[in-house]
Amino acid sequence: MTSNGSSPVLDASGVTMRFGGLTAVRNVDLTVNSGEIVGLIGPNGAGKTTFFNCLTGLYVPTEGKVSYKGTVLPPKPHLVTQAGIARTFQNIRLFANMTVLENVLVGRHTRTKEGLFSALVRGPGFKKAEKESKERAMELLEFTGLAKKADHLSRNLPYGEQRKLEIARALASEPGLLLLDEPTAGMNPQETRAAEELIFAIRDQGIAVLVIEHDMRFIFNLCDRVACLVQGEKLVEGTPEVVQRDERVIAAYLGTPFEGAPGADELAEVEAAEAAAPSTNSRTEDAQ
Amino acid sequence: MATITKNPAPSNDATPGPLVKLPAPGARLATIAGSAVALAGTFMAWTWTSEFPGDLTVTGYPAGLQVLVLIGAALTLLFALSGQGIRGLGWLTPGGANAATRLTALGTLGTIGYTMGAIAAELGGVVNLEPGAWITGIGALIAAVAALALPFDQPYPADDSDPGAWARFRHSLTAPAAPRVSSKLPSWAEILIIVAGFALALIVFTYGIGTEGAEPFIGFLITVGFCFTGANRAGVVSRLTALTHKHRNVALTAAFAAALCFPLTQDNDYFALIGTNILIFATVALGLNVVVGLAGLLDLGYVAFLGVGAYTAALVSGTSSSVFDVQFPFWAAVLTGAGASLVFGVVIGAPTLRLRGDYLAIVTLGFGEIFRITVNNLNGKAGPDVTNGSQGITQIPDVVLFGWDLGQPLDIAGFTLGRNANYFLLMLFFTVIVVTVFRRSGESRIGRAWVAIREDETAATAMGINGFRVKLIAFALGATLAGLAGAVQAHVSYSVTPDSYKFASTAPPNSAFLLAAVILGGMGTVSGPLIGGALLFLIPAKLSFMENYQLLAFGLALIILMRFRPEGIIADRRKQLEFHDTGQLDVPEQRLPPEGGVSATKAGA
């Protein structure tokens, strides 16, 4: 895989998702090239997670198509993962009562073939595959810094480590593209920085990353390209600098001031409201 | 003992103390003395007539319930002496002696109390009690009261400063987890301990089966319940479990050998039949454990798969009441039965397993009833004549394996194995197969996928697991294992009738009991359903006097167990951590607030 940023890993074109009369995602195009980190931002309810779910086959898009490395993806989550797209979830969805190592081993599911019969017979092939899976899983735990806790139940890990474990589990399926849904939600600044480094390290392994995040500092540090979704539509896409300065993006996040109304009051109100709800819209600025 | 004062609520004490106020050395001495008196009393006559089950009239030789009280009192004595610091007994109580002493003392008191009550009620008045019973009773009472005065094994949690008597009583029965020590014993000694442990389990099990009448069995349950909990609190059980984990193959072999010895210990072939039925029931429960415990699919009609296997094997067994005039050899009959169950499992599972939630429970419940009613109607009148309707298929011939007719008694090395003992050994073979299948499938890629589906189906499919396919494999495997057991069951019981495959009835096997055996015993474990199955088979068989109240008592027992031990009798490590959050080694230190608090609630959302 080349990292010159030319070959598209993910190509979503005209993705539309309707739930009855509600259009959650409208005609969104997005490409992710290999070796790239792309950010997806937008206010709450903009349709970012819905778009993610369309990419990973949890939802079947009403219109549009999603292709991975040139082949159109089937609308089944497990086939999408098999093709090479792995994801994490906004609200952590680990297998709570399995150990850390077992969680990662489940991630290996698509890359191993042993069925029930070979599990019952336990031939040399089975043992070899199990051993290789365990080695690979331990490598990933080393990579994410969880190796010491391999035997712990995943539900007993602290929050930040649960996030890391979810990433390790996703990486176990040997993806070409990793989708991260708010990987730093609820993290403190140190943990956010550690997550940033982890994502760079993943990119350096040749895995393209598409990340949803509310933490603007994090996203503008991290991403090569940022797309902003507002009310289900892609408002703007470009380098962090372009998106950061785009007035429509600022307006979407902070609202447009009324004609003649003192804008400063409006702004203060919004900021106060955001500060009051750090758990849903966690920003490192609040924590600091 | 007049100095003992009950003190229900210490108001000015800083730390809550035991229920009964008494200096600890005195309490321990009183416990030792009391249990010694109770022990001595078991050698005397308890009543004058042998009408009471177990014949408690002989002086100098304990029998029936006396043996149980004797064991309870002896254990109390041992635990109390170990708490006293007697050299050589420390290994008994690595987790703390006091809670264990309390539990065994209460168990002893419970058994003797129950015995005295039963004698008085059955023979008409306390006048039927001989002095021996009174001596034991008073001894056990002294021991129990004094044991309640022993200090707590672990300090009372500081946040509850003024707890009520009930809270302190419950706390007094808890003990800290035994410290993990690297054993200094040579491995042959460890193996010997494992073997002794299984031999003990075999003896306890055999004793339970051999109890005649309801009274000794109730006494047996009380004693075993309290003593096992006591040994658990003392830390002996966890020590033994650690050893069995270390020498896993030895432990499995020992368990197998103990089961193999069971028919040799029975001179009565009827008890061997009970053993065989327990084995069938427990094996089916273990098969259900694949479906419920591993894959998390609620199957309410599982007994129908047992029925499919049994009916199929019966139809091809060559009996004159079968419409098919064929006689398959046994191995082929078993494979046909298992195959038929597999087909039914796939047919039932394929349309329903695509859905999530409770649909499967409803469909399987329906299937269980449809199977029974259909088999009832295939009688030549309401439908084609296949199964003889409610008459069932009878006169199923005995199994002949390699020229060995299992119906004939077999003489091996001086032991005579009756028909049922032969079938016990045959069924044991299938149990070993099912245990192997359960363990091997559980610890593999497919087993992890089952657990992942159970934990979070969305995340599991996002990890590339084909949920439908994996669930269907679990469902079909469970059905096949039940069919295997059903084929043997048809031969053991000579006949198959539709009424033995109900959803719920007072006698196992039925779907409700199978599910209860899995949940009571411990989901996801091997030994859990085996023990749960044995208990759920024995209790209705022994307590037949309860008749119509059996299901009521059964429901009550389930509720109580779920309240106090939700993970089941045998907890797998995951479940233990799941239901009891505190005091576990695996619980990590808390992160710093306030982010930790926020994120914790988010993670739970």
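Bear in mind that the values in this text are calculations on the coordinates, not laboratory data. Just so it is clear, the structure is predicted and the values come from calculations on it, not from any experiment. Every residue, glycine as well, gets a Cβ built from its backbone with ideal geometry; the counts of neighbours run over all protein chains shown.
What area, in nm² and to one decimal, does the C-alpha convex hull of the stretch B:184-317 cast on average over all directions?
Dividing the Cα hull surface by four gives the mean projection, 11.6 nm².
With r as the distance between the Cβ atoms of B:Asp405 and B:Leu29 and R0 = 51 Å, compute the FRET efficiency 1/(1 + (r/R0)^6) and round to 0.05.
Taking R0 as 51 Å, the efficiency between B:Leu29 and B:Asp405 is 0.20.
In angstroms, what radius of gyration and Dmax does the stretch A:29-127 have, counting Cα atoms only?
Just the Cα atoms of the stretch A:29-127 yield Rg and Dmax of 17.0, 53 Å.
Taking the number of other C-beta atoms within 10 Å as the exposure measure, put A:Lys127, B:Lys381 in order starting with the fewest.
Starting with the residue having the fewest Cβ neighbours, the order is B:Lys381, A:Lys127.
What dipole magnitude, in Debye to the nearest 20, does the stretch A:100-172 give about its Cα centre under +1 on Lys/Arg Cβ and -1 on Asp/Glu Cβ? Walk me through the numbers on the way to the answer.
On the way: 15 positive and 10 negative charges, 24 e Å.
So the magnitude is around 120 debye.
Suppose every Lys and Arg Cβ carries +1 and every Asp and Glu Cβ carries -1, with no other charges. What dipole size does the stretch B:44-171 come out with about its Cα centre, to the nearest 20 debye?
Details: 4 positive and 8 negative charges, 67 e Å.
Charge dipole, the stretch B:44-171, about its Cα centre: 320 debye, nearest 20.
Among DSSP bridges having both ends in the protein assembly as shown, what percentage is antiparallel? Round to the nearest 5.
65
Do the alpha carbons of any pairs in A:Lys164/A:Lys234; A:Lys131/A:Lys164; A:Lys76/A:Lys134; A:Lys65/A:Lys134 sit beyond 25 Å of each other, and which pairs?
A:Lys164/A:Lys234; A:Lys76/A:Lys134; A:Lys65/A:Lys134
Evaluate E = 1/(1 + (r/R0)^6) for B:Leu556 and B:Glu212, where r is the Cβ-Cβ distance and R0 equals 25 Å; express this FRET efficiency to the nearest 0.05.
Computed FRET efficiency for B:Leu556 and B:Glu212 comes out at 0.45.
If you take the Cα Rg of chain B and divide it by 2.2 N^0.38 Å, with N the number of residues, what do you get?
Compared with the compact-globule rule of thumb, chain B sits at 1.06.
For the protein assembly as shown, what is the charge dipole size about the Cα centre, in debye to the nearest 20, if Lys and Arg each add +1 at the Cβ and Asp and Glu each add -1 at the Cβ? Please list the in-between numbers first.
Details: 65 positive and 72 negative charges, 337 e Å.
It works out to roughly 1620 debye.
222 nm [θ] for the protein assembly as shown, helices only, -39500 (n - 2.57) per DSSP H run of 4+, per residue, to 500?
So the calculated ellipticity at 222 nm is -17500 deg cm²/dmol.
Find the all-direction average of the projected area of the Cα convex hull for chain A, expressing the result in square nanometres with one decimal place.
Numbers: hull surface 68.9 nm².
Value for chain A: 17.2 nm².
Which percent of Cα-Cα pairs in the stretch A:100-172 sits in each 5 Å bin, short to long?
Values per bin, smallest distances first: 3, 18, 27, 21, 13, 11, 6, 1.
Would you kindly state how much longer the chain becomes between B:Phe415 and B:Leu89 on full extension, computed as 0.36 nm times their sequence separation minus their alpha carbon distance, in nm to one decimal?
113.6 nm
Work out the mean other chain Cβ neighbour count within 10 Å for the residues of A:157-170 and drop it here as an integer. If you can, show how the numbers build up before the last one.
Values: counts 3, 9, 8, 4, 2, 2, 2, 0, 0, 1, 0, 0, 4, 2.
Mean partner shielding for this stretch: 3.
Using the Cα gyration tensor of the stretch B:467-549, with a ≥ b ≥ c the square roots of its eigenvalues, what is the shape: rounded (a/c below 1.5), prolate (a/b larger than b/c) or oblate (neither)?
Since a/c reaches 1.5 but b/c is at least a/b, the shape of the stretch B:467-549 is classed as oblate.
If you line up the long axis of helix B:330-352 against the longest principal axis of chain B, both from Cα atoms, how many degrees apart are they, to the nearest 10?
90
Determine, for B:Lys246, A:Lys48, the number of other Cβ atoms within 10 Å of each Cβ, and report the residues in order from fewest to most. Can you show the working numbers first?
Numbers: B:Lys246 14, A:Lys48 25.
Taking fewest neighbouring Cβ atoms as first place, the list is B:Lys246, A:Lys48.
Along the Cα-to-C-beta direction of A:Ser13, a point sits 7 Å from the Cα; which residues of the stretch A:31-46 have their amide N less than 17 Å from that point?
Those under the cut-off are A:31-33.
Using the charge dipole of the protein assembly as shown (Lys, Arg: +1 at Cβ; Asp, Glu: -1 at Cβ; taken about the Cα centre), state which of B:Thr352, B:Val195, A:Gln90 has its Cα farthest towards the positive end.
Positive-most Cα among the choices belongs to B:Val195.
Please give the peptides A:158-166, B:303-311 ranked by average Cβ packing (other Cβ atoms within 10 Å per residue), highest first, as a rough proxy for protection.
B:303-311, A:158-166
Stokes-Einstein D for the protein assembly as shown at 10 °C, 1.306 mPa s, Kirkwood Rh over Cα pairs, in µm²/s? Show your work: numbers first, answer last.
Details: Rh = 31.4 Å.
Reported coefficient: 51 µm²/s.
May I ask you to give the average projected area over all directions of the convex hull of the Cα atoms of the stretch B:20-240, in nm² rounded to one decimal?
Average of the hull's projected areas for the stretch B:20-240 equals 13.4 nm².
Counting only other chains, what is the mean number of Cβ atoms within 10 angstrom of the Cβ of each residue in peptide B:444-457?
That average works out to 6.
By per-residue mean of other Cβ atoms within 10 Å, what is the highest-first order of A:189-201, B:521-533, B:457-469?
B:521-533, B:457-469, A:189-201
Kindly rank B:480-486, B:211-217, A:112-118, B:509-515 from highest to lowest mean number of other beta carbons found within 10 Å of each residue.
On the way: B:480-486: 30.9, B:211-217: 18.3, A:112-118: 15.4, B:509-515: 25.0.
Answer by packing, highest mean first, reads B:480-486, B:509-515, B:211-217, A:112-118.
When Cβ neighbours within 10 Å are restricted to other protein chains, what is their mean count per residue of peptide A:85-97? Intermediate values should be presented prior to the final figure.
Working: counts 2, 3, 3, 2, 4, 2, 4, 6, 9, 5, 10, 6, 10.
Whole-number average of other-chain Cβ neighbours for A:85-97 is 5.
What FRET efficiency comes out for the pair B:Ala120/B:Ala350, r = Cβ-Cβ distance, R0 = 60 Å, nearest 0.05?
Efficiency, rounded to the nearest 0.05: 0.50.
On alpha carbon coordinates alone, what is the Rg over Rh value for the stretch B:271-560, Rh being the Kirkwood radius?
Numbers: Rg = 18.8 Å, Rh = 19.3 Å.
Reported Rg/Rh, Kirkwood definition of Rh: 0.97.
In chain A, if the dipole is taken from +1 on Lys/Arg beta carbons and -1 on Asp/Glu beta carbons about the Cα centre, which of A:Val106, A:Thr16, A:Gly125 is farthest to the positive end?
Checked the options; the winner is A:Gly125.
With a point put 7 Å past each Cα toward its Cβ, work out how far B:Leu252 is from B:Ser50 in nm, to one decimal.
The answer from the label model is 4.7 nm.
What's the angle, to the nearest 10 degrees (0 to 90), between helix B:98-123's Cα axis and the longest principal axis of chain B?
70
Hey, fewest Cβ within 10 Å first, where do B:Arg440, B:Arg565, B:Arg445 land in order? Each step should come with its number before you reach the end.
Details: B:Arg440 18, B:Arg565 15, B:Arg445 24.
Starting with the residue having the fewest Cβ neighbours, the order is B:Arg565, B:Arg440, B:Arg445.
What value in Å³ per residue do you get for the convex hull of the alpha-carbon atoms in the stretch B:384-534?
Measuring per residue, one finds 174 Å³ for the Cα hull of the stretch B:384-534.
With point charges of +1 on the Cβ of Lys and Arg and -1 on the Cβ of Asp and Glu, referenced to the Cα centre of chain B, which listed residue (B:Leu315, B:Gly296, B:Gly467) lies farthest in the positive direction of the dipole?
Checking the options against the dipole of chain B, the answer is B:Gly467.
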